[in-house]
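Okay, so here's the structure we're looking at.
Laboratory data are not the source of any read-out in this text; all were calculated from the coordinates shown. Worth saying up front: this structure is predicted, and the values here are computed from it rather than measured. Note: ideal-geometry Cβ built from the backbone for every residue, glycine included; neighbour counts use all protein chains shown.
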6 protein chains.
Amino acid sequence: MTEAILVINPNSTAACTEAIDQALDPLRAPDGPEIDCLTLAEGPPGVETQRHADQVIAPLCRLIERHDNRAGAFVIACFSDPGLHAARETTAKPVLGIAESGLLTAMTLGERVGIVSILGAAIPRHRRLIRALGIESRIAGDLALGLGVVALADEARSWPRLVEVGAALRDEHGAEVLVLGCAGMARFRRRLEDALDLPVIDPSQAAVGMAISALRLGYRAAVQR
Amino acid sequence: MTEAILVINPNSTAACTEAIDQALDPLRAPDGPEIDCLTLAEGPPGVETQRHADQVIAPLCRLIERHDNRAGAFVIACFSDPGLHAARETTAKPVLGIAESGLLTAMTLGERVGIVSILGAAIPRHRRLIRALGIESRIAGDLALGLGVVALADEARSWPRLVEVGAALRDEHGAEVLVLGCAGMARFRRRLEDALDLPVIDPSQAAVGMAISALRLGYRAAVQR
Amino acid sequence: MTEAILVINPNSTAACTEAIDQALDPLRAPDGPEIDCLTLAEGPPGVETQRHADQVIAPLCRLIERHDNRAGAFVIACFSDPGLHAARETTAKPVLGIAESGLLTAMTLGERVGIVSILGAAIPRHRRLIRALGIESRIAGDLALGLGVVALADEARSWPRLVEVGAALRDEHGAEVLVLGCAGMARFRRRLEDALDLPVIDPSQAAVGMAISALRLGYRAAVQR
Amino acid sequence: MTEAILVINPNSTAACTEAIDQALDPLRAPDGPEIDCLTLAEGPPGVETQRHADQVIAPLCRLIERHDNRAGAFVIACFSDPGLHAARETTAKPVLGIAESGLLTAMTLGERVGIVSILGAAIPRHRRLIRALGIESRIAGDLALGLGVVALADEARSWPRLVEVGAALRDEHGAEVLVLGCAGMARFRRRLEDALDLPVIDPSQAAVGMAISALRLGYRAAVQR
Amino acid sequence: MTEAILVINPNSTAACTEAIDQALDPLRAPDGPEIDCLTLAEGPPGVETQRHADQVIAPLCRLIERHDNRAGAFVIACFSDPGLHAARETTAKPVLGIAESGLLTAMTLGERVGIVSILGAAIPRHRRLIRALGIESRIAGDLALGLGVVALADEARSWPRLVEVGAALRDEHGAEVLVLGCAGMARFRRRLEDALDLPVIDPSQAAVGMAISALRLGYRAAVQR
Amino acid sequence: MTEAILVINPNSTAACTEAIDQALDPLRAPDGPEIDCLTLAEGPPGVETQRHADQVIAPLCRLIERHDNRAGAFVIACFSDPGLHAARETTAKPVLGIAESGLLTAMTLGERVGIVSILGAAIPRHRRLIRALGIESRIAGDLALGLGVVALADEARSWPRLVEVGAALRDEHGAEVLVLGCAGMARFRRRLEDALDLPVIDPSQAAVGMAISALRLGYRAAVQR
């Protein structure tokens, strides 16, 4: 397959793009599509607010336009799915959002879906997104780690908190499957599955998985009427 | 009251801002707040797509920052409510979106709410917004006039179509109240009410009405936690 | 404006009507409509049960008929919205219910709405009303102070309980905005906002705010077909 | 069984009470409870508006109090379920509403429930009731015969209209079961079933059926806490 | 009445069928239908998993076919309602499921319904069933006793746990009425009502109550189109 | 990858299995998992009723057990998703249902999803499944071709009907994406996309696409607790 899947990290932190890139290795195959991760230079260091999420849309759409020729599908790798519908107007290729893909994929693995968010401020944003998706009745809960960037990077602090929050989603909220509510936490996925005995979804992986299918099957995007 | 209500038309068409401005005259009072309508210079001539709606957010937030000192409340005068939640992060003053305000106000006047949209392409965007608002069960239908800018400006063409679409919402979809799904159609409001014998809401008027209350009562905006 | 907004307290306790009346001062203006608060003589001392709420409807509608000539809009000032739809059949003027108006207004200020009720017995009644409104997905919770009339009047007892219940709605239920689930608690509004750092809505104020807009804009009531 | 089921027709038309009474014959048994139909003298000739529905509640509750000693359960025989929750506060005996019972019973006989109403004005009232019940997703549609009292009594006019409306609910709205949206149409039930090849529920029969079970099983009413 | 109500216990444990049978005594009457309880020989000792629930359907439908001549209605006495819709295709007689009937009956007795389940593994199964029924907004919670068969049979262990779980549903989840989430717990019903001061529904009793009405009124089953 | 994806056609018609098998060719890759299609010998010639759907579950689970060693994931290739949750209890490997996967995948391609069913009798079954999935607000409509097996096999009859039904879903119901509501219609997918200018999903392809991701990413199944 000569068309690539372009995964766009809409924040400007290259380390974050690298983490996403590594997480996608299991989805790479010799005869499969190239999976290419891009950093949005115009993005903020991290998408932490609705304003951040919205302000990346214009440059994100321009980036999509610049790469449209060589792309077979796009993935927007931020759990707020910024610009997902604008991007779908911008290109005729399928565009996947990692929140949408992660949550829908989780719905195939368990009755109730728990979300592990980084910061509490994201939760109202996620709630709007979940209602807009129309899947509210399948969400068990959305709990935040409440860790800043530094604490998050320090596994001695972030790992126990991940387990604590995941266990609360499982035990108090009835979650049967978890979704990591951030693009860059895939390195914890397996360990968290083992610690909690629950399936855990990395949303970037889920979205790229769906993009590979879309590419192989040649899904057309919905026409704007 | 010395604080003003700033109504931002996020498209760059001054004639549209003027139409909004005129529609707000009934809400102006000697002892009431100033109601000041601004045109977003960076906006597109009309907000017709999700991408249009999203790309105005960054300049809209900057405009809000520039005028924050003199404003008591902001109104975003586009029926897609672009940047509503980003704006609420940008200023501590109340921010009203005209779709949100128009639909919620309509819910006080009738059991089922019909929306008269300009173009069919807006309807999926409205549906996402309505689900995100959580008021889906109160919406009777959303029908488009299907008229471009030129036809819309020609009342000999737009007026009969407005009546036709409004009657369909009333008679086939059970709407008891209509909302004009666009910032610039207030001039038709009274005539449409008379033609259809239904209450009709202009969403910009509804939002400014809510902004006046917010100002008089001193509502604080929700804190981002 | 020569037409008045008539605010009807459907309980017979004049002190309650006075408290509502005072709370509406910020909405009075020299050139605005008169805002006149009436006590329903036939009402119970307090509306504490569904039966109370229902039995006031007949005299409430008669009161509306007697005052219809001089009224531009009516507000029913009880958080059960007793007789709201009967009243809308009785007069061609807009009729606002304070629960409906308070909750819809709160939806413009925060993602999830918490309700502070007086007595637990009101909560099933509120739940039916909220489902009938179709806004269930926006309600964070409804918690009762659990205080009788005497304890409620004693601020040394009611104030700490208000803060406690409001904090529980904010911290355990995720409320971003609160609505006072009673007509007579407006005096606590500002203090509670400061104590909790959340917007707090007094529903009578919210309803009168909406009535002022309705009057200025000349909303017609929905026709009974 | 010595306790009676008291079926209260909240309108004052004795002929209507008689029609209800006859419809209940299949539920009478030598060893079963007495089923006694009462006419609410204070009611309007027919409950056609929300105001009608609400104004019967006070005398209805008083009637319940007067007969509470000899009753084992009460049925409110009007498809608006007027005073259902007030009545539940008034007596410790089970109280069934015919709309609630008719709709819930229909849900055991078909996937989607169609309602045949008399007048279009009832439909918004039914919609509020259905949302308050929380069963909106099971309702296929609610269509009105649009016949006044005289036309309704004339079977040459009402029968073909019943078939027409029932067929529309079945064929255009996908109803698998119908509920007659009025207390006095039971005489049409069997014929309509045969004409449409659909199960048809008379709501008074459904409610009395549930009351018999409640009596035999000794259900207690929910306590007002 | 010469037609019988056949109550099928889809597990193969005769003691369980006997417990159901005894619970139905209050619904038996000299002139009422025979109520006959059958054990599904091919069933598992208990229906504890979705696979159990599904594998009983084929023999259950064959049992229905064998007894169709003498039956007026069927009841499937397992709280997972296994084969309810298949059974409805198999016979033209009404078929009631005890979960469906128990939950719908509970909705006439209280605003929010709590479910007392035996094992936690049943809860996701119940959740799917509740969403399929379309009554999710009326469910307060579903909590499991977490007791195996032996512990359940030992009242010294099961009774205090029942009270504990019921009280949690009432006090923490706001349940106003409880449904026993199993066919064989009717012996606890009255005691639990007294201990908790809440109405408690035994679902087998509720379903047979609805079957008696269906038989007396001659409800036809929905046609498969 | 040495583990296979086993796609089980739960009807016994080998031609149907072959059609599914061919449709999966675009998802086969030299380094990808084997995709092996099996026919359930015990199944009916076609799954046309709920009883058919339920009766295949027991042999389906046994087939899964026999092949569990060599499987990495299972797909149940019938649009009623028969036995999906029983199968998930039977194996620790991911199990995908084609209705679930097809509908969730469609939600990434358009706002409202239309379903093209073969027979009208399937629609109530689909409605229960859609509500159980919790995605009801995203479904535009479900329309049946109304063709028997012979007519369906005759493209001169089935093709124009497919276009007619698809166009009705698009134009009257607002569908932006279609799902073929049957396992064996993939050969029409591209042609239908071109005829209607809409994305069209073949659900078996969608499910196998999700299974490939599940396999590559090593998703664990939810534990039965």
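At 222 nm, what helix-only mean residue ellipticity would chain F give, in deg cm²/dmol to the nearest 500, using -39500 (n - 2.57) for each DSSP H run of four or more?
The per-residue figure over chain F is -13000 deg cm²/dmol.
Using the 7 Å Cα-to-Cβ label point, sort the distances from E:Ser12 to its equivalents in the other copies shortest first and give them in nm to one decimal.
Values, ascending and in nm: 2.4, 6.8, 7.0, 7.1, 7.9.
What's the average, rounded to a whole number, of partner chain beta-carbon atoms within 10 Å of each residue's beta-carbon in F:78-88?
Counting other chains' Cβ atoms within 10 Å and averaging over F:78-88 gives 3.
At 7 angstrom along the Cα-to-beta-carbon line, where would the label on A:Ala151 sit relative to the other copies? Give the distances in nm, shortest first.
Those label-point separations list as 3.7, 3.7, 5.7, 6.5, 6.9 nm.
Look at the axis of the rotation that sends chain D onto chain C, then give the chain D residue with the nearest Cβ and the distance in whole Å.
So the closest residue, with its distance, comes out as D:Ala132, 2.
In nm, what does the list of distances from C:Asn69 to its counterparts in the other copies look like, shortest first, when each label sits 7 Å along Cα to Cβ?
For C:Asn69, the inter-copy label distances come out at 4.9, 5.4, 8.1, 8.1, 9.6 nm.
What average number of partner chain Cβ atoms lie no more than 10 Å from the Cβ of the residues making up E:114-122?
Average per residue, whole number: 1.
Roughly how crowded by other chains is peptide C:198-211, in terms of the mean Cβ count from those chains within 10 Å of each of its Cβ atoms?
4
Say each of D:Glu136 and A:Asp68 gets a label point 7 Å from the Cα, pointing the same way as Cα to Cβ; how far apart are those two points in nm?
Modelled inter-label distance: 3.9 nm.
Quick check: the distance between the Cα centres of the stretch E:27-85 and the stretch D:1-48, to the nearest angstrom?
35 Å
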